[in-house]
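All remarks here apply to the structure that follows.
Derivation of every value follows stated rules applied to the coordinates shown; laboratory data play no part. As the structure is a computational prediction, the values presented were derived from the model and not from experiment. Ideal geometry is used to build each Cβ from the backbone, glycine not excepted, and the neighbour counts take in all protein chains shown.
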Amino acid sequence: MRLVISALCVLALFSYAVVAYDPLDPNGNITIKWDVVSWTADGYVAVVTLNNFQMFRHIMNPGWTLGWTWAKKEVIWSMVGAQATEQGDCSKFKGNIPHCCKKIPTVVDLLPGVPYNQQFTNCCKGGVVAAWGQDPSQAISSFQLSVGQAGTSNKTVRLPKNFTLLAPGPGYTCGPAKIVPSTTFLTPDKRRKTQALMTWNVTCTYSQFLARKNPSCCVSLSSFYNETITPCPSCACGCHNKKNCVKRDSKILSMLGVHTPKKDNEPLLQCTHHMCPIRVHWHVKQNYKDYWRVKVAITNFNYRMNYSLWTLAIQHPNLNNLTQVFSFDYKPLLPYESINDTGMFYGMKYFNDLLMEAGPTGNVQSELLLQKDKDRFTFKQGWAFPRKVYFNGDECMLPPPDTYPFLPNTAPANLFIFQAFIFLLLPFLLVIW
């Protein structure tokens, strides 16, 4: 019986990792689409497009890396808008040498500023792709490749398999390629439609469980009605790298040159009790008759990382009555159409859309004004604090609920008022007596 239960637990864990269902973004995924646009003497020319349909998770620097396994002995003759990281063994070819002869090619986006003849539509951004909820026009990346030694019709072409996606690290699981209805294209004059000769899709979903063992961010809390500040939990992001952290000392930092990035992108964190590269602080600032105000601050403790296109997703029951956001952009998320309790916050372009590395400028902050829902609003039992917080698509660790700043007991104040009232009435009572 115990063996069966253990097997079920392992199966459930495996299923969680593969399915990677996110309740705040249930339909989020990255879809890789292959469109065969023309046949060649020994293969075809295809346009490959990565569409990021995730609402608040983007692909940040150093960008995506796409891999697959050819079904036969295909080679890549040429590429536009991307490149294979290795050419492989092309010694059997005479004269015209292919761009890549590897059975399992690895492809990356080109960097900005490449010559015009190497560019393709939606390419050359260093693999950086925005989240769909933040900027749909930038949530796409594409390139073109010419494939040889492949089939020359939709009956002889064999679909690649074993797709892998690093964006930029692990966490994505890609399903098998599936043939779908051919994509249609509109000519520049918008008067004629053409369509791909063959189209197949690959769907990749993200699992934070697969991406890393520990969270990458944490949340701290405070309020105007309680002097206690609830910090991030100790070792919230793991303490395995505590030996490599640096104390906040300008002399030590300048001697170590911590602001010089490493090739392996290994983080160098400021020494904290939580050891997280990112901390989100939620402060209940003020209470008005019909409104209440919150201050949100994001602090970067990583000395080797700037966060561009950062996003902050928050679930809170009062976000359905959010009145004003003062220095962030905001977009409501509706994972379930009947419930509006989740929102995405991100930086204003050219103002605070870049969260700098640790230091004096390594933070961004904003204030939120929320209208009170008189039927539901209360400061009691931690209602004023968020239920879930995501930074760049990864869920942050919240403090235990029993450590939240609590509303002071009002009994002493009422008792004092009652005693004062009795003291004032005492002379009259004595006269009557």
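Overview of values
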item: Prolate/oblate/rounded label for region 149-201 (Cα gyration tensor, a/c 1.5); result: oblate
item: Per DSSP, loop trypsin sites (Lys or Arg not before Pro) in region 144-176 with at most 16 further Cβ within 10 Å; result: LYS155, ARG158
